[in-house]
Amino acid sequence: SAGAEPVNGESWSAPALLTNCKSPKVDPRGCTGPNTPGTYTSLNRSEVTKPWRICSVLPHLKDPTWVGMNYGQATQARQLGVSLTTTDAGGYENVAQQVTQVEDCVSSGANAVLLSAVSNESLNPAIAKAKKKGVAVVDVGNGVSSAEVDARVLQDYVDMGKMIGTHLAALKKSLKVALLPGPAGAGWTERSRKGFEAAVAGSAVEIVDVKYGDTGKEVQLKLVEDTLSANPDIDAIVGTAITMEVAATLLAEQGKAEDIGLYGTYVTPQAVELIKRGQAKCAPSEQSSQIGKISVDLAVRTLERKPLDKDIQRYAPEPLLICGPKEDGYDNTAKFDATGSFAPQGWSPAFNVEAGK
Amino acid sequence: MTTTLSPERTVTPATARRSLQFILTTGLLPALLILMCVVFAIVEPRFVDGSNLLNVARQSVFLLLIAMGQMIVLINAQLDLSVGATVALTSVVVASVTAASSGGPESVLLGLGAGLLLGVVIGLVNGCIVAFWKVPSFMATLGSTSVLTGLALIISKGAPIIGLPMIFSDALATSSVLGIPVPVLLGVVIAIGMGIFMSRTVPGRNMYAVGGNRAAALVAGINVRKTVILAFVLCSVLASLAGILLTARVGSGEASLGASFVMLSIAAAVLGGTSLFGGEGVLWRVVLGVLFLGVLSNGMNLLHVSSYIQELVIGMVLIAAVAAERLKRVA
Amino acid sequence: MTTTLSPERTVTPATARRSLQFILTTGLLPALLILMCVVFAIVEPRFVDGSNLLNVARQSVFLLLIAMGQMIVLINAQLDLSVGATVALTSVVVASVTAASSGGPESVLLGLGAGLLLGVVIGLVNGCIVAFWKVPSFMATLGSTSVLTGLALIISKGAPIIGLPMIFSDALATSSVLGIPVPVLLGVVIAIGMGIFMSRTVPGRNMYAVGGNRAAALVAGINVRKTVILAFVLCSVLASLAGILLTARVGSGEASLGASFVMLSIAAAVLGGTSLFGGEGVLWRVVLGVLFLGVLSNGMNLLHVSSYIQELVIGMVLIAAVAAERLKRVA
Amino acid sequence: MTANPLVAIRNVSKKFAGVTALSDVSFEIKRGEIHALMGENGAGKSTLIKILCGVHKATRGSIALDGAEIVFDGPQDAEKGGIRTVFQELNIVPQLSVAENISLGSLPLKSGLVDRKKMLERAADALSGLGADLPLEARAGDLPRSSQQLIEIARALMGEARLLILDEPTASLGENESRQLLSIVTGLARRGVAILYVTHRMHEVEAIADRVSVLRDGKFIETLNAPMDEAIIVERMIGRPASSLYQHSRREPGRELLVVSGLGSATLRDVSMTVRAGEVVGVAGLLGCGKSDLARACFGLHPVQDGGIKLDGEQIARPSPAGMLERGLVYYPSDRRTEGLVLGRPLFESMTMGSHRPARITRKGFLRTQKEYELAHSIAEELDLRPMQLDRTSGKFSGGNQQKAVLARGRMRTAKVHLFDEPTVGIDVGAKADVYRLIDNYADAGHGVVVISSDLTEIIGVSDRVYVMREGRIAAHLTGADITEENIARSFFAAAPA
Ligand SMILES: Nc1ncnc2c1ncn2[C@@H]1O[C@H](COP(=O)(O)OP(=O)(O)OP(=O)(O)O)[C@@H](O)[C@H]1O
Ligand SMILES: Nc1ncnc2c1ncn2[C@@H]1O[C@H](COP(=O)(O)OP(=O)(O)OP(=O)(O)O)[C@@H](O)[C@H]1O
Ligand SMILES: [Mg+2]
Ligand SMILES: [Mg+2]
């Protein structure tokens, strides 16, 4: 497939945030809490004793975040010579479908499940069942509240929301902000809202409007237009990456590009491009393809019983706040390495990586 | 006449004729289903594993319940687009209620009661809007989908509702009787009950009359409104039951549960020979329709078919299966 | 007779009677729409801002195009659930084609051509499945939705397709003629054209006959298949056009574009008095239906109504509006 | 008979939006009498019946049953009151079996469940009482209209009725079934059941009615006692003395316009027929003999396996309705509601449907709506269609007037051959004469006309030649003086003369 990395089976290392889920300061449900910066080091292919069979269960494969995740997972599976099959639920509304896919995966004889759950809670029984059958489960990308998972690799969207919120609060300017966090009722939407609200609480940033809506572009387009009509005096819009994409054109069209700053709760390649061009200001990258790589490696580590660190159950690639030239003094776009976040141009999702190739 | 001469020769055409006969009278669906199972079993032996088959059964129960309800409504020449939202609201309400309960065995009953009661209320509202206000059911239930979703979001505040007592999931999702999981058992019992209801009781038969020719039913003295309302109530109650079982299965209340069942339930019912225009539909064929969709998706997952291709295949199979049925009927 | 005596007295009942007359003959929708606009304008003066009104118009064009197509199909007693997937596939294809083009003015034509051609093909396929294979359109287009979505995902590989030439967006989204944005202008022109087509041409009139009584149309010598296929082609082409304009507006090709239009387009058409059972529907009322939905949602957004509540309100308004129309007709 | 009548209709009026269907109608129905209700198309007969059985509510006036004023909330209330009705429009559920249709609304029960055995027995009994033999488990929708009519009658005859209302029950029945029905009706009346009977067939009225009430333009005219004079009834109905019903001018038949040879299909066996220019060819036969299918085969609505169809010298390989109309063959369907009209659209649209181009009401591809309406209007005037508000939806017109709109079809285009399938179903005597005049005029103009009918007097009245069909075959071919009721009836049953 286009853009696949060379397979050499060598170990690699990358900066990461590590969390001990059993530490008293950490909430064991979902393992959220303080973390320490460190490094994640991958296995070497020679350390892998079996052609392990791993399933990845994704919410969908319709946007760059999850395609990037697939890219990272497929790449690392090839590096380690394990088999990886990917299924997706087709959207966040398909909870039952995802439960089914986890079960299908277990009954197909997999050794481990990489679970990117569509819901924080709803996969817990399926996880319990998989664990009972002796299948390793790694919580990837979205987070589940079950304490039974063997390991976690994720950027909590609370942290993502918090990251952009903290940044805004740190500007120490009084800002009127409209928040467009994403589809109503989706776990990640509510979590990024929660993080953002917590971060700006007590600061000079005021949230004047919150509007939910699907991440379909036509929906966000309408939402931003109405938000602008409803709040002509806002200073910033904080929204999904799709919000940023549609809002940049709209603001330019309405001649408000100078007055209203655009911020995101996550990024897509297009959103990064907008930040680079100065049409948007800042947004955090969760580094999804990096998450993908670590998740496969962690699963194999679990199966091989070679933990990186017995005390650390949760790893996250160091999240990045990408800011562009428009945000005076914060421009870091030159340093941004997109390969940690997205699949290379032209990458087709790999649904089936066979072992030993 | 020639049987004594060469048994092999005559047996074959007779069998062939009989199986052709079977296909022509009972429809292609059973034949297609069997064919598909055989193909999957050959290509991927794990498909016929006991545990996998049990999986398919367990997964199909929710769709089965909802598709049965949908069938009943379709037979009345109506449509219920709100089954998905009913599942969602039921999930949220049942989770809220049981989470606030003592957690003892009565919380199972409490949850069941609250969920089914909700189903009755939703069905009554849908049914009355259709029967009294004469709003076409497509629009009525499109509207109520929106209302129910709004309610589910307001109650849950967009977050999953946790804290269901363990006993709730144990009783309604994980426990099994004689090796058969409780939800599957429930599904089978209800399917049999509904089959009898639709084919052998007066309200059931009246539904066929109302859906087949409303005016005729009216002048024959059938209470058309009551019949239609009853159909919506049955459908919503079945959807609520699916919502309860799903909630037990996923262990939390979710406002996003169920949306995918709307189109699937209609597809399964129509695949099972139910007419979209009313008056026609048999329960056991809807069961086959549900199994067909369940097996197709399970098999493709086992064969690691890419989800993009799965979309494509499901669409084509849906069209082809219905077309084959139609063309057969014409021939 | 009494006019000279007390003008106020007689004018009032006359006006009242005339406006009642207007409501009774043209339906409640125009009255409701005006009422809603007045209320919004009073509560939130920003609503009547020129820029906001232009907003509403611009947002509504996409739905308008699709709802017009849906109306045409509904008049034929069919339904097109694949309009959303058509928008998505068109978006992906048009973006791929234009991104690979030179970027000169001809790329606009290339994109338009490719998109509309795709619409024709999709419509032909849908229409032929319905007309020749006799698959009910609900199932046929449910299936083709799945197929088209699969194709869009396969082509786009799950990522947006970028690199559209600037001129494409400039020409089809941002430019305006006499202060009216090009998409709005296009929408108005097409609405007028479709209005004439449906009411004043033979194929248009035939659609009402086919939808009203298919057997009678056949006996009267109307080519029923051709008529139905034409309806699907028109619907898909309009959806494709909406897809092209949306792609120009958002500046990239997206496989997730358009899903929200399926139910909305049906709701708008029915709100505008189109019958779900065929044979009834007038274009200008569908325009009102679209504006109604557009104004309702825009107004609530301006009033900062929470999205949860918005869901609830839209559902209730949908049911109430259709019910009011029905009850009025009965009275 | 007791002092107060079974039903007393007092000053009943009914207004629909735009039309007054009944104004101030009063008359009485006694126990055990056969009371015929007569009137032109649109006179208000069906409306009155629908009020009697609770489908419509009267705008004014009252109805007393057994001296007590009644208000029905729906047909089920009327049924409880012992009023059974067979409506003019068929009311069967096509998807259900014959037996279930007969028991519709009163399924027999055994321990809470439907008793299928009893249901079948009941249906068999009810049908054999009518002398009909229908497959009890067949889908009712697959049967021809006449069988469906029998199902409805069987349903109404089941159970205890005090008042039996029959709205043109014989309109789509053959001679045999009609006769059977009439004798059942007389039997019921003798047992004390009151019968309200609507028909446009004079001889039926003469045969069975004790009294006749006449409506004209929604007004009650008079109740006449038996014995009755046909001329007087007709005069009361149409408000002027009746003219002669059948016109039959002498013509010389010209070239062969339609030649059907050796047609074979699921229901037809080696059927050959010739229709020449300027002649009217009648096709008679019992219910289900295939006479309709013959016409439908010529028009491309009924698939054929063997044989050929030649229209004006041209061999037609695969007939289709559009193609046959184009070539000048017009088929007038027998069931106006299912195949004739678009009930939810304005009536004029149903009249011009499919004929916009041949009727020259298009210009450069656009419809000239004004001209379209004028054309429809002028043809409607010729046919005396009432009311003349052609932009009302088709469904709101009375049965007979709907039929006239279907017959307008041949005037919209240049035609050579006309196939009329039961052209006067539900048409009143006055209008019947108009239809026969229309048919005769076509023949005079050198067109070929085929009239398919279950009404023998009609066949004899209009035809130059007659084909009699039996079980899908041509059983007899009669010309000139041979066209008599006895000859035709004999061919219904006997083997065809060699
Ligand atoms: N539902 C309706 N809405 C409006 N007008 C109606 C309706 N039903 C009947 N009418 C009108 O009422 C009048 C009487 O109709 P009705 O059907 O009672 O006539 P009829 O005597 O039964 O005629 P026919 O012999 O043709 O059946 C007609 O002018 C008809 O157009
Ligand atoms: N009593 C019946 N039972 C079953 N099938 C019947 C019956 N009567 C007619 N048919 C079927 O109807 C078809 C012939 O119908 P067709 O309409 O041509 O007859 P018809 O002579 O016009 O009768 P009708 O007087 O009912 O219009 C055949 O398929 C025949 O099998
Ligand atoms: Mg009548
Ligand atoms: Mg006939």
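Shape of the stretch C:46-330 from its Cα gyration tensor (a ≥ b ≥ c, root eigenvalues): rounded if a/c is under 1.5, otherwise prolate when a/b > b/c, or oblate?
Because a/c hits 1.5 or more and a/b fails to exceed b/c, the stretch C:46-330 counts as oblate.
With a threshold of 27 Å on the Cα-Cα distance, the over-threshold entries among A:K222/C:K226; A:K162/A:K217; A:K211/A:K256; B:K134/D:K14; A:K256/C:K157; A:K22/A:K306 are A:K222/C:K226; A:K256/C:K157. Rounded to the nearest 20 debye, the dipole magnitude of the stretch D:7-240 is 520 debye, with +1 charges on Lys and Arg beta carbons, -1 on Asp and Glu beta carbons, and the Cα centre as origin.
Counting DSSP beta bridges in the protein assembly as shown, what percent are antiparallel, to the nearest 5? If we restrict to bridges inside the protein assembly as shown, about 50 percent are antiparallel. Placing a label point 7 Å from Cα along the Cα-to-Cβ axis, B:W133 is separated from the same position in the other copies by 3.7 nm, shortest listed first. Modelled label positions at B:K328 and D:R10, each set 7 Å beyond Cα in the direction of Cβ, lie 6.3 nm from each other.
Length available on full extension from D:D229 to D:D133: 0.36 nm per residue minus the Cα-Cα distance, which gives 30.9 nm.
Shape class of the stretch B:64-131 from the Cα gyration tensor (axes a ≥ b ≥ c, square roots of the eigenvalues): prolate, since a/c reaches 1.5 or more and a/b is larger than b/c.
Working from label points 7 Å from Cα in the Cα-to-Cβ sense, the D:K80 to C:H304 distance is 5.8 nm. Mean residue ellipticity, 222 nm, helices only, chain A: the sum of -39500 (n - 2.57) across DSSP H runs of n ≥ 4, divided by residue count and rounded to 500, is -10500 deg cm²/dmol.
How charged is the neighbourhood of D:D434? Take every other residue with its Cβ under 9 Å from the Cβ of D:D434, and add Lys/Arg as +1 and Asp/Glu as -1. Around D:D434, the charge tally is +1. Magnitude of the charge dipole for chain B, about its Cα centre and with charges confined to Cβ atoms of Lys, Arg (+1) and Asp, Glu (-1), is about 920 debye. Over the residues of chain B, the helix contribution to mean residue ellipticity at 222 nm works out to -25000 deg cm²/dmol, using -39500 (n - 2.57) for each DSSP H run of at least 4.
Among D:331-342, B:277-288, the peptide with the highest mean count of other Cβ atoms within 10 Å heads the list, and the full ranking is D:331-342, B:277-288.
Contact order, relative form, for chain D: 16 percent (alpha carbon pairs under 8 Å, 6 or more residues apart, mean separation divided by residue count).
Here the 3J(HN,Hα) profile of the stretch A:221-235, calculated from phi with Karplus coefficients 6.51, -1.76 and 1.60 at θ = phi - 60°, is 4, 5, 5, 5, 4, 5, 4, 5, 5, 6, 10, x, 9, 6, 9 Hz, Gly and Pro shown as x.
Between 0 and 90 degrees, the angle of helix D:429-444 with respect to the longest Cα principal axis of chain D falls at about 10 degrees. Inter-chain Cβ neighbour count for A:205-218, averaged per residue, equals 5 (cutoff 10 Å, partner chain atoms only).
Angle between the Cα long axis of helix C:182-200 and the longest principal axis of chain C, 0 to 90 degrees, nearest 10? Rounded to the nearest ten degrees, it is 70.
Among the cysteines of the protein assembly as shown, those whose beta-carbon sits 4.7 Å or more from every other cysteine beta-carbon are B:C37, B:C128, B:C235, C:C37, C:C128, C:C235, D:C53, D:C289, D:C298. Residue by residue along B:82-92, Cβ atoms of other protein chains within 10 Å of the local Cβ number 1 on average. May I ask you to give the percent of accessible area on the stretch D:7-240 that is carbon plus sulfur, with a probe radius of 1.4 Å? Reported share for carbon and sulfur atoms: 47 percent. Inter-label distance, C:K226 to A:E304: 7.1 nm, where each label sits 7 Å from its Cα along the C-beta direction.
Order the following by accessible area, largest value first: D:D77, A:D139. Probe radius 1.4 Å; ligands, DNA and RNA are ignored.
These residues rank, largest area first, as D:D77, A:D139.
Distance from the Cα centre of the stretch A:301-357 to that of the stretch A:71-120, in angstrom? So the separation of the two Cα centres works out to 18 Å.
If the label point is 7 Å along Cα→Cβ of A:N44, which residues in the stretch A:75-97 have backbone nitrogen under 20 Å from it? Residues A:76-82 fall inside that zone.
Partner aspartates and glutamates whose Cα lies under 18 Å from the Cα of B:K328, excluding those fewer than 8 positions away in the same chain, are identified as B:E280, D:D142.
Between the stretch B:172-209 and the stretch D:393-426, how many Å separate their Cα centres? If you average the Cα positions of each part, the centres end up 51 Å apart. Per residue of C:154-167, other chain Cβ atoms within 10 Å of the residue Cβ number 5 on average.
Across chain A, the mean sequence separation of Cα contacts (distance under 8 Å, 6 or more residues apart), normalised by length, yields a relative contact order of 24 percent. A Förster distance of 45 Å, applied to the separation of the beta-carbon atoms of D:R162 and D:D115, puts the FRET efficiency at 0.95. Rounded, prolate or oblate for the stretch B:27-115? Axes are the square roots of the Cα gyration tensor eigenvalues, ordered a ≥ b ≥ c, and the cut-off for rounded is a/c under 1.5. Here the stretch B:27-115 falls in the oblate category. Residue-wise HN-Hα couplings along the stretch A:184-190, as the Karplus relation 6.51 cos²θ - 1.76 cosθ + 1.60 with θ = phi - 60° gives them from phi, are 4, x, 6, x, 5, 4, 5 Hz; Gly and Pro carry x.
Around the Cα centre of chain D, unit charges on the Cβ atoms of Lys, Arg, Asp and Glu (plus for the first two, minus for the last two) sum to a dipole of about 1260 debye. Cross-link partners of D:K30 among aspartates and glutamates, defined as those whose alpha carbon lies under 12 angstrom from its own and excluding same-chain residues fewer than eight positions apart: D:D66, D:D210. For the stretch B:277-292 and the stretch C:54-72, what is the separation of their Cα centres, given in Å? That distance is 37 Å.
Under 14 Å between alpha carbons, and skipping anything fewer than 8 positions from A:K172 in its own chain: which aspartates and glutamates qualify? Straight-distance partners of A:K172: A:E206, A:D235, A:E327, A:D328. Relative contact order of chain B: 33 percent, from C-alpha pairs under 8 Å at least 6 residues apart in sequence. For chain D, the longest principal axis of the alpha carbon atoms and the long axis of helix D:175-190 meet at an angle near 10°.
The values are calculated or read from the model by the stated rules, or taken from the named source; none is laboratory data. Just so it is clear, the model here is predicted, and its values are computed rather than measured. Neighbour counts are summed over all protein chains in view; Cβ atoms, including those assigned to glycine, are modelled from backbone coordinates with ideal geometry. Calculation scope for accessible area: heavy atoms of the full protein, side chains included, ligands and nucleic acids excluded. Shrake-Rupley method; radii C 1.70, N 1.55, O 1.52, S 1.80 Å.
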